[in-house]
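Just passing along the structure, written as structure tokens.
The values are calculated or read from the model by the stated rules, or taken from the named source; none is laboratory data. What you see is a predicted model; the values in this text were computed from it and never measured. Cβ coordinates were reconstructed from backbone atoms using ideal geometry, including for glycine residues, and neighbour counts include every protein chain displayed.
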Amino acid sequence: MEKNNLMLPYIIWTIRRTGGTSFTSLLDNLSSYPSLEHEPFNKNRVYGYITHKYHAGEESTVDEIYQILKDKPNIKHCFEIIPEQINLNILKATQLLGYNQIFLYRSDQAARTMSLILSQATNVWGPKQTARYAPYLNREKKLIIPNDHACRRKMQSDRHLSENMYKHIQKLSSPLLIEFEQLYQECEMSRKTYIEYIFSSMGIYGALDEKVSFAQLHLKKGVTKSTDIRKMIPSYQKTLKYLSKNEVPYSFQKKTRSQLSRFVTNAISRIINTFKS
């Protein structure tokens with residue numbers, strides 16, 4: 001796939017189980033900037049020493065992070081597992097370096113929480129690891145998840161972190177909001193429109209039909225099928241229903257829909273004007 005030289009380096013701010021791995025891999029295929037191992041500030045990753053230093057009582061600085069990111073590598077960053085001070089320094093450094101700030105979220109917080117809990121219980125984080133479901137499907141191991149109230153606390157905590165991080169980003173830039181449900185939706189035509197909207201917002205042009213088709217296939221491959229393993233948890237549907245009842249929508253969801261609506265309206269206007277001319 002041809003790299004896009006007009007595309008800025010990007011950082012994807014997200015939390016786990018929002019489809020960030022597949023989406024980042026897709027963009028890495030299109031970007032001319034270097035790629036890093038995903039979530040590079042996690043303790044066991046390339047810049048994990050920054051996080052280790054923080055927990056040892058030595059805080060990082062914006063300048064330190066600026067220096068390690070001066071080559072402008074693309075970044076996928078799960079902020080909910082990194083201390084807030086490091087997140088803020090990463091934000092300031094990437095803003096100074098001219099990064100495209102992207103905020104990826106999943107509006108169905110209940111489904112996302114259950115997906116996270118399932119991944120933590122089975123250690124399956126992507127489609128290439130589904131063989132790890134075998135001991136549970138064969139009933140060699142018992143699958144145990146936290147109770148309803150613990151799951152609810154996790155959902156509420158992650159919602160609070162997401163709202164807070166978005167506010168910090170919004171103070172310094174106008175982040176591109178991307179919704180998991182739109183990105184991975186079943187309807188190919190609607191998904192195609194959403195991908196076109198994202199590419200347009202990020203400055204990805206040239207052979208657009210080819211790139212959009214590539215994106216459709218890439219994102220489809222990135223979905224982890226966990227239907228069978230859910231059946232091994234008798235309380236799964238009950239807990240999911242309980243979480244759904246206690247879910248509070250993100251404050252920024254309406255903004256996502258309005259951004260997309262403007263793009264679709266403008267696209268329709270361009271088509272109409274083309275026919276008129």
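If only one of Leu143, Leu161 is in contact with a Phe, Trp or Tyr (Cβ under 6 Å, 6 or more places away or on another chain) and either more than 25 Å from His38 (Cα to Cα) or not aromatic (Phe, Trp, Tyr) (or both), which one is it? Break it down into steps so the answer makes sense when it comes.
On the way: Leu161 fails: in contact with a Phe, Trp or Tyr (Cβ under 6 Å, 6 or more places away or on another chain).
Result of the check over Leu143, Leu161: Leu143.
Still on this structure, I have one more. Have a look at Leu116, Leu176 and point out the one that is aliphatic (A, V, I, L, M) and closer than 24 Å to Pro9 by Cβ.
Numbers: Leu116 fails: closer than 24 Å to Pro9 by Cβ.
Result: Leu176 is the single residue among Leu116, Leu176 that is aliphatic (A, V, I, L, M) and closer than 24 Å to Pro9 by Cβ.
Out of all the residues in segment 20-70, which are of a type in the set (S, T, N, Q), in a loop (DSSP other than H, G, I, E, B) and under 28 Å from Ser107 (Cβ atoms)? It would help to see each step written out before you state the result.
Keep residues of segment 20-70 that are of a type in the set (S, T, N, Q), which gives 21-22, 24-25, 29, 31-32, 35, 42, 44, 51, 60-61, 67.
This time we only want the ones that are in a loop (DSSP other than H, G, I, E, B), so: 32, 42, 44, 60-61.
Once the filter is applied, which keeps residues that are of a type in the set (S, T, N, Q), in a loop (DSSP other than H, G, I, E, B) and under 28 Å from Ser107 (Cβ atoms), segment 20-70 yields only Asn42.
Restricting the first residue to segment 72-92 and requiring it to be within 27 Å of Leu30 (Cβ to Cβ) and at pLDDT 95 or above, which pairs with a second residue that is in a helix (DSSP H, G or I) and of a type in the set (Gly, Ala, Ser) meet a Cβ separation below 7 Å and a spacing of at least six or different chains?
So the pair list comes out as Lys76/Gly20.
When segment 136-183 is examined, which residues are found to be of a type in the set (D, E, K, R), within 24 Å of the chain's Cα centre (by Cα) and closer than 23 Å to Ala121 by Cα?
The initial filter retains those residues of segment 136-183 that are of a type in the set (D, E, K, R), namely 139-142, 148, 152-154, 158-159, 163, 167, 171, 179, 181.
Of the ones still in play, those that are also within 24 Å of the chain's Cα centre (by Cα) are 152-154, 158-159, 163, 167, 171, 179, 181.
Matches in segment 136-183: Arg152, Arg153, Lys154, Asp158, Arg159.
Which of the numbered conditions does Asn87 fail, given that it passes all the others? Conditions: (1) within 22 Å of the chain's Cα centre (by Cα); (2) not in a helix (DSSP H, G or I).
Exception for Asn87: condition (2).
Report every pair of residues separated by at least 6 positions or lying on different chains whose Cβ atoms are under 9 Å apart, first residue within segment 96-122 and under 21 Å from Lys241 (Cβ atoms) and touching a residue at least 24 places away in the same chain (Cβ under 8 Å), second among the hydroxyl-bearing types (Ser, Thr, Tyr) and assigned to a strand (DSSP E or B).
Close Cβ pairs (under 9 Å, with a partner that is among the hydroxyl-bearing types (Ser, Thr, Tyr) and assigned to a strand (DSSP E or B)) amount to Arg106/Thr14; Arg112/Tyr105.
Additional query: Of the residues Leu172, Leu143, Leu118, only one is among the aliphatic types (A, V, I, L, M), surrounded by 14 or more Cβ atoms within 10 Å (Cβ to Cβ) and at pLDDT 95 or above; which?
On the way: Leu143 fails: at pLDDT 95 or above; Leu118 fails: at pLDDT 95 or above.
Going through Leu172, Leu143, Leu118 in turn, just one is among the aliphatic types (A, V, I, L, M), surrounded by 14 or more Cβ atoms within 10 Å (Cβ to Cβ) and at pLDDT 95 or above: Leu172.
Condition check ((1) more than 24 Å from Thr94 (Cβ to Cβ); (2) β-branched (Val, Ile, Thr); (3) in contact (Cβ under 8 Å) with a residue 24 or more places away in the chain) across all residues:
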residue	(1), (2), (3)
Ser173	no, no, yes
Tyr184	yes, no, yes
Tyr194	yes, no, yes
Gly206	yes, no, yes
Leu217	yes, no, no
Ile233	yes, yes, yes
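State whether the residues of segment 94-115 include one that is farther than 22 Å from Ile178 by Cα and touching a Pro at 6+ places or on another chain (Cβ under 6 Å).
No, because not a single residue in segment 94-115 is farther than 22 Å from Ile178 by Cα and touching a Pro at 6+ places or on another chain (Cβ under 6 Å).
Can you tell me which residues in segment 69-87 are aliphatic (A, V, I, L, M) and surrounded by fewer than 17 Cβ atoms within 10 Å (Cβ to Cβ)? Working first, answer last.
The initial filter retains those residues of segment 69-87 that are aliphatic (A, V, I, L, M), namely 69, 75, 81-82, 86.
Selection gives Ile81 alone.
Where in segment 185-270 are there helices (runs of 4 or more DSSP H), lying wholly inside it, with at least 1 residues that are touching a Leu at 6+ places or on another chain (Cβ under 8 Å) and at pLDDT below 80? Reasoning before the result, please.
On the way: elements: 188-202, 208-221, 227-230, 236-245.
So the answer is 227-230.
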